[in-house]
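Asks: Below you'll find the structure I mean.
The values are calculated or read from the model by the stated rules, or taken from the named source; none is laboratory data. What you are looking at is a predicted structure, and each value in this text was computed from that prediction instead of being measured. Positions of Cβ are backbone-derived with ideal geometry, glycine not excepted, and every protein chain shown enters the neighbour counts. These area figures cover heavy atoms from the full protein model, side chains too; ligands, DNA and RNA do not enter into them. Shrake-Rupley method; radii C 1.70, N 1.55, O 1.52, S 1.80 Å.
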Amino acid sequence: MKTAKTEKTHLFYLDTIRALAALYVVIHHSVLQYYNDRFYPFKSIADYHYSLAKTYFLNFFMYGNYAVDLFIVVSGFSLMLSVSKNNFQIRGGSRTFFTRRLIRIVPPYYLAMIFSLLLIFLFVGDKTSKGWDISIPVTFNDILLHSLLIHDFWESTIHRINHAFWSISVEFRIYFFFPILIMIWKRINMVSLVIFSVFSSLIFSLMLYLVYQFNHDINLGTGVSPYIILFTFGMLAADLSFSPRDVAKKFRTYYSKISPYLIVFILLGIVFIGKALRYTFRNTEISFLKQIHFEIKVFDVTLGIFYALILFVLAILSSQDKENKLVQLFSWKPLVFIGSFSFSLYLVHAPLIAMISKYIITPLALNTFNETLLLIFLGTPLILMVSYIFFHFCEKPFINAGKKSISAKI
């Protein structure tokens with residue numbers, strides 16, 4: 001059996017996966033612009049008594065947090081690639097890693113925050129009884145906490161300025177764990193790494209729960225839980241896919257002997273188990289479990305295993321057979337292109353949805369479902385265009401700067 005290539009190559013399927021996750025989030029927030037009584041003061045989908053087809057269509061896009069789970073797994077996978085091929089050494093060391101992540105993430109984030117604030121000040125600063133209302137009004141405290149990337153710790157600030165920003169602070173926080181995770185894996189083993197991630201997640205959730213007893217504005221669903229676990233799953237998938245270590249080679253050999261249909265069965269089984277566990281926790285009488293959000297996170301974790309296995313399968317298929325239909329599908333150029341600026345798309349789409357809704361769609365006086373469809377099919381291409389412009393001027397320069405800083409230190 002051929003093993004995965006160890007030379008530096010671009011993995012197009014990662015761009016495609018990022019594109020699919022980002023597009024899903026855009027459509028998700030387009031739907032939430034008009035539906036969802038959990039966060040917004042208007043009707044939910046069920047209140048409209050739509051046909052089964054319309055209900056399923058809208059409900060399919062109600063799970064944006066699962067797309068964020070995918071982003072986190074892909075992040076762990078991407079960062080682990082060079083490490084697993086380099087004898088578990090971070091290229092340039094931990095300091096260089098932090099410098100590069102800082103340059104790569106923070107400046108585009110700040111520019112997106114300025115962009116969002118400008119749009120709020122000029123165009124979308126008034127309440128319209130739509131989904132964007134959770135991002136306004138904005139106070140100095142909101143700006144300060146967002147600038148420090150800690151806004152997700154408070155319910156009153158997590159959605160302000162731009163309600164998609166909460167995950168940026170979570171992912172940036174996980175980066176500080178990356179050298180520690182590598183050290184544990186290198187000095188002990190991957191099982192200890194998973195245990196450490198689970199333990200860290202539980203401890204962080206417990207700390208938030210204790211603080212919540214004194215301050216009910218604390219957001220119990222943030223911190224690093226369960227995202228550090230998902231990040232670790234991505235690291236595991238990358239190492240098993242590309243590492244020259246014997247254990248990784250054996251794992252790839254075992255995979256080659258398993259029927260693809262069995263893999264699909266295992267993947268579906270993982271999702272089913274996660275759903276069952278989530279249902280169990282959600283219906284438990286133990287309020288403590290509810291308050292630290294186990295009923296949601298248990299499915300996030302099982303879904304993280306599902307995502308990690310998908311990445312592993314795509315990595316092996318890509319290394320074995322470039323003509324494989326699944327490999328070709330995940331190398332489709334339009335999606336690969338969108339994936340190249342998916343971070344910018346994620347950063348700026350929310351206020352653009354609000355603008356398109358307010359100034360283009362609302363004046364047409366359509367019914368709610370047709371407004372949603374128009375926002376999805378007209379708004380998404382417009383958002384893609386603006387996001388690419390933002391990428392070209394506000395993200396790409398920092399990608400290049402990060403690469404130069406690495407080259408200068410090695």
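Asks: About the Cα centre of the chain, how large is the charge dipole given +1 on each Lys and Arg Cβ and -1 on each Asp and Glu Cβ? Please answer in debye to the nearest 20.
Replies: The calculated dipole for the chain is roughly 1600 debye.
Asks: Leaving out ligands and nucleic acids, note down the accessible area per residue over the chain with a 1.4 angstrom probe, in whole Å².
Replies: Averaged over the residues of the chain, the accessible area is 48 Å².
Asks: Remind me, relative contact order of region 317-410 in percent, using alpha carbon pairs under 8 angstrom and six or more residues apart?
Replies: Relative contact order, region 317-410: 30 percent.
Asks: How large a share of the accessible area of region 1-158, in percent, is made up of carbon and sulfur atoms when the probe is 1.4 Å and the other protein chains stay in place?
Replies: 63
Asks: If a/c stays under 1.5 just call it rounded; otherwise compare a/b with b/c (prolate if a/b is bigger, oblate if not). Do that for region 1-159, with a ≥ b ≥ c from the square roots of the Cα gyration tensor eigenvalues.
Replies: oblate
Asks: In whole percent, what relative contact order does region 110-245 give with Cα contacts below 8 Å and a gap of six or more residues?
Replies: Contact order relative to length: 21 percent.
Asks: Here's another thing I want to ask about it. How many nm is it between the label spots at Gln89 and Ser129, if each spot is 7 Å from the Cα in line with the beta carbon?
Replies: 6.4
Asks: Moving on. Using the Karplus curve 6.51 cos²θ - 1.76 cosθ + 1.60 with θ = phi - 60°, what ³J(HN,Hα) values do you get for each residue of region 143-152, in whole Hz, with x for Gly and Pro?
Replies: 5, 4, 5, 5, 5, 8, 6, 10, 5, 6
Asks: Please give the net charge around Ile361, taking every other residue with its beta carbon less than 11 angstrom from that of Ile361, where Lys and Arg add +1 and Asp and Glu add -1.
Replies: Net charge in that neighbourhood comes out at +1.
Asks: Determine the relative contact order of region 163-224: mean sequence separation of Cα pairs under 8 Å and six or more apart, normalised by residue count, in whole percent.
Replies: With pairs under 8 Å counted, the relative contact order is 34 percent.
Asks: In addition: For Trp154, what residues show an amide H to amide H distance below 5 Å, using hydrogens built from the backbone and excluding near sequence neighbours?
Replies: Distant-sequence amide H within range of Trp154: Asn219.
Asks: Which listed residue (Ser75, Asn162, Tyr254) has the Cα farthest towards the positive end of the charge dipole for the chain, taking +1 on Lys and Arg C-beta and -1 on Asp and Glu C-beta about the Cα centre?
Replies: Highest projection toward the positive end goes to Tyr254.
Asks: On a full-extension model of 0.36 nm per residue, what is the gain between Ser82 and Ile180, subtracting their alpha-carbon distance, rounded to one decimal in nm?
Replies: Extra length available between Ser82 and Ile180 comes to 33.7 nm.
Asks: Hey, what angle do you get for helix 260-282 against the long axis of the chain, alpha-carbon based, 0 to 90 degrees rounded to 10?
Replies: Taking Cα atoms only, the helix is inclined about 50 degrees.
Asks: List the longest stretch of the chain that has no exposed loop site; here a site is one of the GluC sites (Glu not before Pro) assigned by DSSP to anything other than H, G, I, E or B, with at most 12 other Cβ within 10 Å.
Replies: 8-284
Asks: Roughly how many percent of the accessible protein surface of region 179-258 is carbon and sulfur, given a 1.4 Å probe and a whole-percent answer?
Replies: C and S atoms contribute 70 percent here.
Asks: Also, I was wondering about something else. Multiplying the sequence separation of Lys333 and Leu148 by 0.36 nm and subtracting their Cα-Cα distance, what value in nm do you get?
Replies: Stretched fully, the Lys333-Leu148 segment lengthens by 62.9 nm.
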